[in-house]
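Comments concern the structure below.
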Amino acid sequence: MPCVPSATLYTTVLLVILEVMRCMGASIPLPELDQAKSQQGEQNPRDSCSFLKESSQEECPSFWAGKEPPSSNGFRTEYLSRRTLGNGEYRGEWAAATIKCLAQSGISAPFMMPSYPTITFPNHYSIVTGLNFSVYTGATDPNWWQNGEPIWTTVKRQGKISATYYWPGSDVTFPKDEHRSPNSFFKYKKTTKFSERVDQVLKWMDLPIDKRPTFTTLYFEEPDSIGHKTGPNTANVTEKVTIVDRQIRRLINGLIDRNISNCVNVIIVSDHGMADSPQGQKLVDLAKYVPDMQNSALTFLGPVTSIRPLNDTQEEEERIGCALSCKDPHMRVFNKGELPYRMHSVQTRRIPNLMLDMDISWRAILKNEAFSSNGAHGWDNLYLDMQAIFVAHGPSFKNQEVVRPFENVQLYNLMCHLVNITPSANNGTWGALHHLLIDPPHLNVNANEEVADMPPILRTIADTKEGAKKRAGCASVNGEESGKTAPEIEIEMKMTEDRENELLIIHAPIGIPVVYSSEPSNVTNDSDQVLLINEDYLTGFDTDLGVPLWTTYTVADNIKNNTGGGKWIQDPRLETNHTGRCQRLKFATQKVDAWLDTNLLEVPSGIAQFIQTMTKMVSEASVSRGPLHVISGPTRHHLASIFFVVTSCKTNSTVGEWNLTTCPVDHRDLQAFLLPVRQWKYQHSCISDRDFIAYNVATLKDVERITNFQFFPDLPMEDKLNLLSRTTLDSRLVVDPTRQ
């Protein structure tokens, strides 16, 4: 008797990549179900989804279950809402009817966020390795894979079989390590018909079990190629979308004919989107500002532009950077170390120091050089036109669900689970996509795993008599001196334990940050860290460094942060040698304890205005969004930043008012930021505070990675994974990060 697919069955994965499917920020539109069925494996645009309904009655043959991921280059999600045209007349038929049926029957997301830069090879790298791409040497270079392991290698190393058909980089050969190449692959040849590629994948499905691939990829370079040539908003692109969709139908029908459509998990993704960029329009000629650019630097031009001066000195970099700085409103100039952390692009010397960030549709050129294309990609992944698609269908996936958008680096762990292998180290979060699965694996949380304890609460009032003689006067915001300790502060510090517990709930509704490490043996309880409980906020303070590690508080109503007129006061709970210097910026809220010097953080003057604006924006958001919970503090790495993690609860009047502790995770809004403390070298004089803040939006995972803190430890693991898997485009809580 045929058996139902389970974790013990032989599994295979089919990953299909579609080039340049883009997203316009809405859910994928779904097709009607009352249209006729196609014939002979080719899609008629009037097809219904009945072929999937009929195939769902099939039983999976014994020891057969599967996953095959096809990919289409440059397939932006907006293409899924297009109708076909015939003889220039509107016909009202879906151009991608098969993909839409798979989305309706299975799992889809409004979009999948590509890695930066939004170009082909880096994103194919991220999808199959789970790594943020920061090095690009060319897909034929074995060094391209040196920092990561593609899934076909992981599959092969663990005794299973992999096959790829034109996945970028899969045809790289490794003479010294044959396990790095797939068991079966083809050298890329663009002229190979799409139907030949599909038929070869189906032939792999026909192989005996000991030769059949566990993991298979399939790649189509359309509609990317035509999108570059004509631009995305053309009938030519719609025609190519239909051609690709017919090949997906050919593949699905082939699986149905073999009685294995309910044994194979099919994931359809694209690498990035596509934007209009008409020939001869929206161009910035760099030679206008640096006349000798062609002779003085190596340049990679286009939507994302890099400049490497031939004379590799700081003086030459500054000469070129300053000449381009603030010259064109559609172009921003950065030293690569200034790029937002979310771009993950400063970790290699191979990236030139000078980078240009262009507005969507705008490109950098040199003199008479011109682009022959009308469409392009590569821009910041905060642009909606750069987003990719995600559709999954098969026995392991839930039915008829639309899930939150996620980053493409999350796919690797999911695919490893589906083929029952152990993933290599990657930038994804294990379990982040388990909610897509009918029967997700246990998270394997070890009850005995080491977790850092909450730091001890410091309550004792230090001896202030001798300390008063030693203390240097602390500068107030308005420049006046104050060397005294307010008596009311000492009284306020002596609160009851019940009041301490109340304030912990108010200002840390789902737990205070704790030291975090992926390796339990590395978890440490910092003996120099103490918890300071104040009426208005909580602080994790490092007595050795003399600085706050984090401050957490709740903002309600429109509380104004008065930054002038107050006096910095020595915190009476700490010894003199434990407190830090006074000339530091306060994070704080509204009451007198906000002026304790343990609530100060030293930052360069250039960043102070951005922090003040951020505090104002949080206060403004609390008016319309209700109480906000804020955690902020410094990062302690070589590219120092100030982090902010802001959360709120989206209330529902039909259910009642939730608070910040009881809020269900689907109603919990979160937005994070990593604001660099170093002033931008070339752009500081031509960017607004709010644009600077929006530009430096971050994910919660980024903040945890850079601070080594684990936030919200009181949340259930599933809820925490929900927050960790969200993209930078998920929230508009404080500011809308979407670039237009």
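Counting every alpha-carbon pair across region 283-372, the share separated by more than 14 Å comes to 63%. For region 153-168, backbone phi angles converted through the Karplus equation (6.51, -1.76, 1.60; θ = phi - 60°) give residue-by-residue couplings of 6, 4, 4, 5, 5, 9, x, 10, 10, 10, 9, 10, 10, 6, 6, x Hz, Gly and Pro being listed as x. With R₀ set to 41 Å, the beta-carbon distance separating ARG308 from LYS650 gives a calculated FRET efficiency near 0.30.
What's the exposure ranking of TYR289, TYR125, going from fewest to most Cβ atoms within 10 Å? Display every interim value, and only then the final one.
On the way: TYR289 17, TYR125 27.
The fewest-first ordering by Cβ neighbours comes to TYR289, TYR125.
Centre-to-centre, using Cα atoms only, region 181-223 and region 237-282 are separated by 15 Å. Among the listed pairs LYS336/LYS720; LYS100/LYS398; LYS203/LYS240; LYS100/LYS211, those with a Cα-Cα distance over 22 Å are LYS336/LYS720; LYS203/LYS240; LYS100/LYS211.
Neighbour counts of C-beta atoms inside 10 Å place HIS434, HIS417 in the sequence HIS434, HIS417, starting with the fewest. Per-residue Karplus couplings for region 689-702, computed as 6.51 cos²θ - 1.76 cosθ + 1.60 with θ equal to phi - 60°, are listed in order as 4, 5, 5, 4, 5, 4, 5, 9, 5, 9, 8, 4, 4, 4 Hz, Gly and Pro entered as x. Please tell me the relative contact order of region 283-372 in percent, rounded to the nearest whole number, where contacts are Cα pairs under 8 Å and at least six residues apart. RCO, region 283-372: 41 percent.
Taking the Cβ of each residue in SER306, SER170 as the centre, tally the other Cβ atoms inside 10 Å and list the residues starting with the fewest. In order of increasing Cβ crowding within 10 Å: SER306, SER170. Seen from THR429, the other residues with C-beta closer than 14 Å to its C-beta sum to a net charge of 0, counting Lys and Arg as +1 and Asp and Glu as -1. Applying both filters, DSSP loop and at most 16 other Cβ atoms within 10 Å, to the GluC sites (Glu not before Pro) of region 330-401 gives GLU369.
Out of every Cα-Cα pair in region 631-740, what percent are more than 17 Å apart?
Of all Cα-Cα pairs in region 631-740, 58 percent lie more than 17 Å apart.
Every number here is computed from the coordinates shown, using simple stated rules; none is lab data. The model shown is predicted, which means the values in this text are computed figures rather than measured ones. Glycine also receives a Cβ, built like all others from the backbone with ideal geometry; neighbour counts cover every protein chain displayed.
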